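To keep things clear, I will list the structure first and then write my remarks on it.
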Amino acid sequence: MASWYPVRMLPPLSLTSAHASASPRMSLAARAAVIVLVLFVEKFVLNFFVNFDGPLSTTRLGMLLNAAQLLGLRFFVSLAALLALFVYVSGSERLRLLNTTFRCVPIRAPWLVLQFICVVALAPVLWFLGGERGTLLPFPLSVSLLGVLGAAAAVTLLMAMAPWTLWTQAVKATGTPGSYALSSALVATAVLYWSQELWEPTARVTFEMVRHLLTPIIPTLTSDPITRTLSTDNFSVEISDICSGLEGVGLMLVFCCAWLVCFRAEYVFPRALILIPVGVLLIFILNAARIAALVLIGHSGHPAVAIYGFHSQAGWIAFNAAACCIAVVSRHIPWLSRVPPTQNERPVRSLTDGRPTPDRPATDQAGGENRTATYLLPLLALLAAGMFARSLSSGFDTFDGFRLVAGAAMLLLAFRRGLTTLSWRFSWRGPVAGVAVFALWLAAGSVLLPPKTMPAALSAFPEWERYYWIAARATTSVIVVPIAEELAYRGYLMRRIIAADFETVAFAKVGAWPLILSSAVFGAAHGAMWVSGIVTGLIYGIALVRTERMGEAVAAHATSNLLLCTYVLLLDHWELW
Amino acid sequence: MRKVILVTAALAVASLGSAQIGFAKDKDKPKPSTAAPEIDPSSAMSALTLLAGGLAVIRARRKIR
């Protein structure tokens, strides 16, 4: 490490790695992440000071500046993502050493103050840029000052996070992957700029495909290629740019590339690259089929279902189906896959709350079953049934009962496959944690969610149907969801972060990071209430880790859902359901 | 080196694809009579959770065969 860092700068670095571990500071990766976050927040705030309709959109220099900031942002986002991925994939030893060195360096507050001053100084320059709010400086001078202050803000932030020498060493240490990332980001930004021109021609291709698909089925179909509108006697669809299929193509590109990078050892290259165009073609065809189905549903007398339910779900259903198809089929084609189906045998284990049970032979316990499926399928069934039900709805989840049936069926299957080995007992702690979560959701909901009464569609149901719907929703919420989510997020994900063979991880051994990460994923699934969701995940997770009983987390979850359910029904606060 | 080149190519395409989603369209058009956007952002989390979970199950199934 000595060769990595000048001896003259050693005072803070005379700390040994042992000291560093005793008093750990941020690593290189953490500092880079903080820099990206700070710059992002500052740009977000400074945007409020800019009048984009002024000279930035009328003068040549202004337009140049605007284009530069747009493309610059895209370039830096691409570069940051690519650099992180390349460095991760290359696993550079030099960077690993440098990471440790960074842990010995403190954050330098004076530079942070300077950085803050630069950012504050940027605000009036941006505010008066162009002169329509008064004049600070002529426009060209303002632009120059903007450049100088922006560069100063970036440099001072770097200096605040670590000495300049360390940053130059970090740049050198990225080596070839760094230059690849730089050139890839440049190419990606340029191609991205050009690709804006793709929307219209792609939408025209999609329009023609849909027209050819529908003409034999609906003889009365009329089409207007100018507006790209397809009309039947009682329904009409315009295939606008956003329906062109490019969004799905983008998603599929990301998926295929990520899949091939993650599992590159299992594929034969360059043959496997064929999966990328195949995936793109597949999702493009599925998008045309989606729009054709949309027209058919609308034409058959269900325009509300077509518009509100089907269109919002069908794109995701098609993408998920195509992605899973690529993942499964590609691995069964020997021409593409290196791994024969019989390899990768995994020892089968069964555990009680993560601990092996030596009194039972391993082969009897799980019998070669897919334990990941046992933990995940109940939640996946809930999600899939929810998507399917919403695709059939016309703005209200009429078929919400599908979730109950699918979730309960998968839970029964999961218990038959061996979930009885987990401890399902619980004490007073679980329900108390549930009450705390309920209070948190009430508080957060009152701030974040606009009040809603019972949906009009539900009120219009016949009485018995309404009670049936509410009973099904309540049963799903209080019984099925808590078990399914706790199995997936805490039973599987929290331990899977630690080890691939997640069942060997005792709950008591789960540290802070797996708990936080699994809670973050859990929170992200709760939409506008994501912050409360993260805190809730932490509470349930702590209840489980402390007691080593799955039942404790489930009891907490069920209690909070039961209280929420009661609150919704008694006080007519449907925004929480 | 071969791996790095492959990964470079793959990630360049990936970043292009992801950026394509993020910057779908700079200027909005008037809304059509019945618009059918392919990807609904409000369903993104549940759809991606479903996909990630499904892939985890598929991979685990492969391992124990």
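The values are calculated or read from the model by the stated rules, or taken from the named source; none is laboratory data. Owing to the predicted nature of the structure, the values given are computational and were not obtained by experimental measurement. Quick reminder, even Gly has a Cβ in these numbers, built from the backbone with ideal geometry, and neighbours come from all protein chains shown.
Couple of notes before you dig in:
- Among the residues of region A:307-336, those that are modelled with pLDDT under 85 and within 10 Å of another protein chain (Cβ to nearest Cβ) comprise A:Ile307, A:His311, A:Ser312.
- Verdict on A:Thr536 being assigned to a helix (DSSP H, G or I), over 17 Å from A:Ile497 (Cα atoms), under 21 Å from the mean Cα position of the chain (by Cα) and not small (Gly, Ala, Ser): yes
- Checked against the criterion of being farther than 18 Å from A:Trp530 by Cα and surrounded by 14 or more Cβ atoms within 10 Å (Cβ to Cβ), the candidates A:Leu419, A:Leu440 yield just one match: A:Leu419.
- Residue in region A:497-509 that is under 20 Å from A:Leu569 (Cα atoms), of a type outside the set (Val, Ile, Thr) and either surrounded by 22 or more Cβ atoms within 10 Å (Cβ to Cβ) or touching an Asp or Glu at 6+ places or on another chain (Cβ under 7 Å) (or both) present: no
- Which numbered condition A:Val405 misses (of (1) aliphatic (A, V, I, L, M); (2) within 28 Å of A:Ile534 (Cβ to Cβ); (3) modelled with pLDDT of 90 or more): (2)
- The lone exception for A:Cys257 - which of (1) modelled with pLDDT under 90; (2) more than 10 Å from chain B (Cβ to nearest Cβ); (3) touching a Leu at 6+ places or on another chain (Cβ under 9 Å) it fails: (2)
- Among the residues making up region A:212-235, those that are touching a residue at least 24 places away in the same chain (Cβ under 8 Å) and not in a loop (DSSP other than H, G, I, E, B) are A:Leu213, A:Leu214, A:Leu230.
- Selection count where residues are free of Cβ contacts under 8 Å to residues at least 40 places away in the same chain, part of a helix (DSSP H, G or I) and either in contact with a strand residue (DSSP E or B) (Cβ under 7 Å, 6 or more places away or on another chain) or closer than 11 Å to A:Arg490 by Cβ (or both), scope region A:503-520: 4
- Among residues of region A:178-221, those that are closer than 11 Å to A:Ala292 by Cβ and within 11 Å of chain B (Cβ to nearest Cβ), counted: 2
- Members of region A:243-268 that are free of Cβ contacts under 8 Å to residues at least 24 places away in the same chain and not aromatic (Phe, Trp, Tyr): A:Gly250, A:Val254, A:Cys257, A:Ala258, A:Leu260, A:Cys262, A:Arg264
- Filtered residues of region A:98-117 (kept if among the aliphatic types (A, V, I, L, M), crowded, with 18+ Cβ neighbours inside 10 Å and either under 31 Å from the mean Cα position of the chain (by Cα) or outside the structural domain of A:Val155 (by TED's automatic domain parsing) (or both)): A:Leu98
- Hits in region A:177-204 - residues which are free of Cβ contacts under 8 Å to residues at least 24 places away in the same chain and among the β-branched types (Val, Ile, Thr): A:Val187, A:Val191
- Complete set of residues in region A:462-507 that are of a type in the set (Gly, Ala, Ser) and either outside the structural domain of A:Pro378 (by TED's automatic domain parsing) or in contact with a Pro (Cβ under 8 Å, 6 or more places away or on another chain) (or both): A:Ala484, A:Ala488
- Selected residue (criterion: surrounded by the most Cβ atoms within 10 Å (Cβ to Cβ)) from residues of region A:270-291 that are under 18 Å from A:Thr229 (Cα atoms) and within 11 Å of chain B (Cβ to nearest Cβ): A:Asn287
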